[in-house]
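Report on one structure; see the data block that follows.
The values are calculated or read from the model by the stated rules, or taken from the named source; none is laboratory data. Predicted model, so just to flag it, every value in this text is computed and none were measured. Please note: Cβ atoms are built from the backbone with ideal geometry, for glycine as well, and neighbour counts cover all protein chains shown.
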Amino acid sequence: MPDVVVRGYRFALRPTVGQAQLLAAMLEDHRELYNAALQERRDAYRSHGITVRYGDQSAQLKEIRAVCPDQGRWSFSSQQATLRRLERAFAGFFRRVKAGRKPGYPRFRGRNWFDSVTWPVDGDGCRWDSAPQSGQTRVRLQGVGHVKVNRHRAVEGRVKTVTVKRQGRRWYVILACEVQRPAPLPKTGRSIGIDMGVASLLTTSDGEHVENPRHAAKAAARLASAQRALSRCKRGSKRRVKARERVAAAHGKVRRQRLDHAHKSALDLVRAYDLIAHEDLAIRNMVRAPKPKADPDEPGGFLPNGRTAKAGLNRSIQDAGWGVLLSILAYKAESAGRVVIAVDPRNTSRTCPCESCGHVAAENRVTQAEFRCVACGYAAHADVVGALNVLRAVLARRDTAPAA
């Protein structure tokens, strides 16, 4: 393993009114640069069959900055990073085409779909902690000035890249820093299996249930009210802009609450266990709506397929945030020297966990919460059974693995 790893830090910015306007103008100019570069690539290929690449467009930046004063006031390196962003979009497009997947050709970015600017090197067009003598952490951005930063924790290592991101009315600075790999946490000698759910966010093989806070469900009335107010506003009006910001702020609060709970739950697991096993869930497939089945004899021309009930389940799965929790758990475990293993989830809730039985049958799952083996009579909470089977599968795999 390398001794140096990259760690991200995210802090809120506290710009003045004038600085916020300059930040918005910076995003807008970088968006226009991105769209113009995309248009050039499309026109060159459609008209002459020529492929324009990053090197060709980067070479034009000096001339563009001289002709267009709005572009010339921003950092050259940040504009190069925007062009590299487009290059990566095309690289992903060609990779998907080659793999036979849905291509997803790069699209033009609207005003609400371009919210970040990156500086590849600290000190080239930006400077982190630019005025330490003032007692207030600031980041200097070319064309904007020294912007106050709400640094709520210390930054370790060497700052590699600086990114400014807009979320609603909030502005954030994101740092990518090279730090020494942290020492692993002391061994606990304990292993755990977890079963993801909706009634409980997760259930462990030790029988512990972690509450699902259901942040979106609790905020549903507030979100619906804000959305109704938005729908009544005339498109293009100032009232609609403010209403849209209120909707975004409400959703942003739910997102931050979900992230906070996921971080705390993952940290508890990482501190307590050396080995953590979980189901390898295909969450994107699980939240797909069922396809309608045509039937001309039915009212509306389609058979009832439980679409409404499935929509409610999909909302509950998305509100639980399984994918967010598992991704946070993975990187926290790697930093702490823990092991996280994903297991095929098939039949984990239908298999009797008793070593002397192991009977597999759909009838074992009596209800959503109750498990009773029809062969040996073993009874327990269904989610605990699922977590036990997940852990057993990982331990059996490790026992049968050939020695290195």
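How many residues are under 14 Å from residue 202 (Cα atoms) and either within 17 Å of the chain's Cα centre (by Cα) or at pLDDT below 85 (or both) when one looks only at the stretch 308-317?
Residues flagged as under 14 Å from residue 202 (Cα atoms) and either within 17 Å of the chain's Cα centre (by Cα) or at pLDDT below 85 (or both) within the stretch 308-317 amount to 1.
When you scan the stretch 82-131, how many residues do you find that are outside any loop (DSSP other than H, G, I, E, B) and closer than 22 Å to residue 56 by Cα?
Taking the stretch 82-131 first, the residues outside any loop (DSSP other than H, G, I, E, B) are 82-99, 116-119, 126-128.
With closer than 22 Å to residue 56 by Cα added as a condition, the list becomes 82-95, 117-119.
Looking only at that region, the number is 17.
Restricting to the stretch 24-49, name every residue that is assigned to a helix (DSSP H, G or I) and at positive phi. Give the steps one after another, and end with the answer.
Taking the stretch 24-49 first, the residues assigned to a helix (DSSP H, G or I) are 24-48.
Passing the criteria: none in range.
Among the residues of the stretch 197-238, how many are assigned to a helix (DSSP H, G or I), within 23 Å of the chain's Cα centre (by Cα) and without any contact (Cβ under 8 Å) to a residue 12 or more places away in the chain? Working first, answer last.
Looking only at the stretch 197-238, we keep the residues that are assigned to a helix (DSSP H, G or I), and these are 215-218, 220-231, 238.
Next, only the ones that are within 23 Å of the chain's Cα centre (by Cα) stay: 215-218, 220, 223.
Going one step further and asking which of them are without any contact (Cβ under 8 Å) to a residue 12 or more places away in the chain, we end up with 218, 220.
So the answer is 2.
May I ask you to list the residues in the stretch 91-122 that are within 30 Å of residue 146 (Cβ to Cβ) and surrounded by 13 or more Cβ atoms within 10 Å (Cβ to Cβ)?
Here is the first cut: in the stretch 91-122, the residues within 30 Å of residue 146 (Cβ to Cβ) are 109, 111-122.
Those that are within 30 Å of residue 146 (Cβ to Cβ) and surrounded by 13 or more Cβ atoms within 10 Å (Cβ to Cβ): 109, 114, 115, 116, 117, 118, 119, 120, 121, 122.
Between 81, 131, which is hydrophobic (A, V, I, L, M, F, W, C) and under 15 Å from residue 33 (Cβ atoms)?
Numbers: 131 fails: under 15 Å from residue 33 (Cβ atoms).
From the options 81, 131, the qualifying one is 81.
Mind checking which residues of the stretch 126-152 are within 28 Å of the chain's Cα centre (by Cα) and polar (S, T, N, Q)? It would help to see each step written out before you state the result.
Taking the stretch 126-152 and keeping what is within 28 Å of the chain's Cα centre (by Cα), we get 126-129, 137-141, 147-152.
Across the stretch 126-152, the qualifying residues are 137, 150.
Does residue 404 satisfy the condition of being modelled with pLDDT under 90, closer than 18 Å to residue 275 by Cβ and assigned to a loop (DSSP other than H, G, I, E, B)?
Judged against the criteria, residue 404 is a match.
Are any residues in the stretch 67-88 touching a residue at least 24 places away in the same chain (Cβ under 8 Å) and either farther than 22 Å from residue 144 by Cβ or loosely packed, with under 11 Cβ neighbours inside 10 Å (or both), and if so, which ones?
Step one: list which residues in the stretch 67-88 are touching a residue at least 24 places away in the same chain (Cβ under 8 Å), which gives 70-71, 73-87.
Within the stretch 67-88, 86, 87 meet the criteria.
Residue by residue, here is whether (1) of a type outside the set (Gly, Ala, Ser); (2) more than 15 Å from residue 31 (Cβ to Cβ); (3) outside the structural domain of residue 142 (by TED's automatic domain parsing) holds:
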{"position": "50", "(1), (2), (3)": "yes, yes, no"}
{"position": "53", "(1), (2), (3)": "yes, yes, no"}
{"position": "72", "(1), (2), (3)": "no, yes, no"}
{"position": "79", "(1), (2), (3)": "yes, no, no"}
{"position": "87", "(1), (2), (3)": "yes, yes, no"}
{"position": "103", "(1), (2), (3)": "yes, yes, no"}
{"position": "106", "(1), (2), (3)": "yes, no, no"}
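Starting from the stretch 244-268, take each residue that is over 18 Å from residue 329 (Cβ atoms) and list its partners that are among the basic types (Lys, Arg) and assigned to a helix (DSSP H, G or I), counting only C-beta distances under 8 angstrom and pairs at least six apart or across chains.
250/222
Could you check residue 158 against (1) charged (D, E, K, R); (2) without any contact (Cβ under 8 Å) to a residue 60 or more places away in the chain; (3) surrounded by 15 or more Cβ atoms within 10 Å (Cβ to Cβ) and say which number it fails?
It fails just one condition, (3).
Quickly run through the stretch 329-374 and pick out the residues that are buried (at least 20 other Cβ atoms within 10 Å of the Cβ), assigned to a loop (DSSP other than H, G, I, E, B) and in contact (Cβ under 8 Å) with a residue 60 or more places away in the chain.
338, 348, 349
Across the stretch 365-388, what is the number of residues that are at positive phi and touching a Gly at 6+ places or on another chain (Cβ under 6 Å)?
Counting residues in the stretch 365-388 that are at positive phi and touching a Gly at 6+ places or on another chain (Cβ under 6 Å) gives 0.
Restricting the stretch 33-61 to residues that are in contact with a helix residue (DSSP H, G or I) (Cβ under 8 Å, 6 or more places away or on another chain) and of a type in the set (D, E, K, R), which is surrounded by the most Cβ atoms within 10 Å (Cβ to Cβ)?
To start, the set of residues in the stretch 33-61 that are in contact with a helix residue (DSSP H, G or I) (Cβ under 8 Å, 6 or more places away or on another chain) comprises 33-34, 37-38, 40-41, 50-54, 57-58, 61.
Subset that is of a type in the set (D, E, K, R): 40-41, 53.
Values: 40: 15, 41: 20, 53: 11.
Restricting to residues being in contact with a helix residue (DSSP H, G or I) (Cβ under 8 Å, 6 or more places away or on another chain) and of a type in the set (D, E, K, R), the top hit is 41.
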